[in-house]
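Presented below is the structure to which this report refers.
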Amino acid sequence: MSQQEHNLVLILARGLASSIATPMFVVDPEGDLVYFNEPAEEILGTTYAEEGEMTAEEWGTAFKPQDLRTGEVVPRESLPLSIALSEKKPAHSTIQITGRDGISRFIANTAFPLWARTDEFVGAVAIFWEEKE
């Protein structure tokens, strides 16, 4: 499959993200951030226009994800979006993040892989929402 077709799937995912009221993050096969929507901006405490594209390492640490039970930083590879990327399967967790605005929030997040065809992995998306303690 050509790179254009890969891009088409990500373009469609971004189109979906821009038209739903649920916060959503879209990443490419390498885990680099392609887009997050306006509802995500409220939780992340920043806008996509301000942040732009981010590497997997950058977004994996930018919002200081913490385990709710231990308060320890969640390693990037343990985040649902990283699991969807590395294991190519859906994953879910509830964590605490600190947005760029300095506000700490509890979020539930579910991530799943994107496929152009059954054998062509093209990225992943995460949907998330704020939970009350």
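The values are calculated or read from the model by the stated rules, or taken from the named source; none is laboratory data. Values in this document were obtained by computation on a predicted structure and should not be read as measured data. Virtual Cβ from ideal backbone geometry, glycine too; neighbours counted across all protein chains shown.
Give segment 96-114 a look and list any residue that's part of a strand (DSSP E or B) and touching a residue at least 24 places away in the same chain (Cβ under 8 Å), or say none.
96, 97, 98, 105, 106, 107, 109, 110, 111, 112, 113, 114 - these are the residues of segment 96-114 that are part of a strand (DSSP E or B) and touching a residue at least 24 places away in the same chain (Cβ under 8 Å).
Which ones in segment 74-95 are in a strand (DSSP E or B) and touching an Asp or Glu at 6+ places or on another chain (Cβ under 8 Å)?
Answer for segment 74-95, where residues must be in a strand (DSSP E or B) and touching an Asp or Glu at 6+ places or on another chain (Cβ under 8 Å): 94, 95.
Is there any pair linking a residue in segment 68-90 that is under 17 Å from residue 128 (Cα atoms) and among the small types (Gly, Ala, Ser) to one that is at pLDDT 95 or above and not in a helix (DSSP H, G or I), with Cβ under 6 Å and at least six apart or on different chains, and which?
Listed pairs, sorted by first residue: 84/91; 84/111; 84/112; 84/113; 84/124.
Among the residues of segment 55-67, is any surrounded by 17 or more Cβ atoms within 10 Å (Cβ to Cβ), modelled with pLDDT under 95 and over 20 Å from residue 130 (Cβ atoms)?
Yes, segment 55-67 has at least one match.
Might you check whether a residue that is buried (at least 20 other Cβ atoms within 10 Å of the Cβ) and touching a residue at least 60 places away in the same chain (Cβ under 8 Å) occurs anywhere in segment 36-51?
yes
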